Amino acid sequence: MENQRLQKYLSQNWICSRRKAEEYIKKWLIKINWEIAKIWQKIDPNIDKIEFLDKAVEEQKKQVYYKLNKPRWIVTTCAQNNEINIIDIVDVKERVFPIGRLDKDTTGLILLTNDWRLANFLMHPRYNHQKEYIVETFWKIEDEALTKIENWLFILWSKTKKAYVKRLASWKFSIIITEWRNRQIRRMVEKVWYKVKKLIRIRIENIELWNLQEWEYKHLTQKELNNLFKILWINNKI
């Protein structure tokens, strides 16, 4: 393998974007063969040892990414509290954790990974990552109520950010939110005097549930990962 710029190597191995690599190099966070890296340096990945935050890049490349269709009554946590949790229902050799949560009654898409940096970026409130849900109510929900949900409501001591709502039936609608508040959609629906009958998350950014059945899980495809990291890079988030 030919020598290549350090920034390019880190980018190709999903460590960070080239722009972020330059920032990390300037902050002395990257080492080559135990010495502080320089902006202009080239490396031979077969010979040189590259470290980021004192951890070998080769170790960081062993990160894994799954998507799961969470069934009802499963707790979205790794903690053991005499309940069946999200880790109990997957059989993977890696030690993974869920990105974000779904309450017991909510089904749908959960991402599982051992990549803490990705989890932090997806959950940080300032990044406005999209999450899409299908909501069913017990009776017909009026347009006025949907408009209020879409614009803003005052819940959990602050206003909600603008949501994106699309009616699917008299008692069903899709909603896209960019926040991670506890039971947020249920609280929003209750705020306009309706009650959620069924709630399912179908998308996080570009990662979609598609035809994944409840209890089923699988690796994210390379295409899904490529597009996800591309979104983060374009917005200078990772």
A careful count of residues in the range 198-231 that are in a strand (DSSP E or B) and either open to solvent by less than 80 Å² (accessible area, probe 1.4 Å) or among the hydroxyl-bearing types (S, T, Y) (or both) gives 9
Find the residue count for the range 112-121, including only residues that are under 10 Å from the mean Cα position of the chain (by Cα), modelled with pLDDT of 80 or more and either open to solvent by 70 Å² or more (accessible area, probe 1.4 Å) or under 20 Å from V75 (Cβ atoms) (or both). 3
Which condition from (1) touching a strand residue (DSSP E or B) at 6+ places or on another chain (Cβ under 8 Å); (2) open to solvent by 20 Å² or more (accessible area, probe 1.4 Å) is the one that I74 breaks? (2)
Just one of (1) at pLDDT below 95; (2) open to solvent by 20 Å² or more (accessible area, probe 1.4 Å) trips up I238, so point out which. (2)
Taking only the range 54-71 into account, find how many residues are open to solvent by less than 100 Å² (accessible area, probe 1.4 Å), assigned to a loop (DSSP other than H, G, I, E, B) and at pLDDT below 80. 1
On the basis of being surrounded by 13 or more Cβ atoms within 10 Å (Cβ to Cβ) and within 20 Å of the chain's Cα centre (by Cα), does I149 make the cut? no
Residues of the range 173-193 satisfying the condition of being open to solvent by less than 80 Å² (accessible area, probe 1.4 Å), of a type in the set (S, T, N, Q) and under 15 Å from T106 (Cβ atoms): S174, Q184
Quick check on the range 115-124. Is at least one of its residues assigned to a loop (DSSP other than H, G, I, E, B) and of a type in the set (D, E, K, R)? yes
So for the range 126-137 (the condition being open to solvent by 50 Å² or more (accessible area, probe 1.4 Å), modelled with pLDDT under 95, more than 27 Å from N227 (Cα to Cα) and part of a loop (DSSP other than H, G, I, E, B)), does at least one residue qualify? no
Within the range 162-172, restricting attention to residues that are in contact with a strand residue (DSSP E or B) (Cβ under 7 Å, 6 or more places away or on another chain) and either open to solvent by less than 40 Å² (accessible area, probe 1.4 Å) or not in a strand (DSSP E or B) (or both), which residue is farthest from K230 (Cα to Cα)? W171
So which residues in the range 77-108 are open to solvent by less than 70 Å² (accessible area, probe 1.4 Å) and of a type in the set (A, V, I, L, M)? A79, I86, I87, I89, V90, V92, V96, I99, L102
Qualifying residues in the range 138-192 (those that are more than 22 Å from R203 (Cβ to Cβ) and among the small types (G, A, S)) - the one modelled with the lowest pLDDT: S158
So, in the range 74-103, exactly how many residues are closer than 19 Å to W180 by Cα and among the charged types (D, E, K, R)? 2
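The values are calculated or read from the model by the stated rules, or taken from the named source; none is laboratory data. What you are looking at is a predicted structure, and each value in this text was computed from that prediction instead of being measured. Neighbour counts run over all protein chains shown; Cβ positions are idealised from the backbone, glycine included. Heads up: the accessible areas ignore ligands, DNA and RNA and are worked out on the full protein's heavy atoms, side chains in. Shrake-Rupley method; radii C 1.70, N 1.55, O 1.52, S 1.80 Å.
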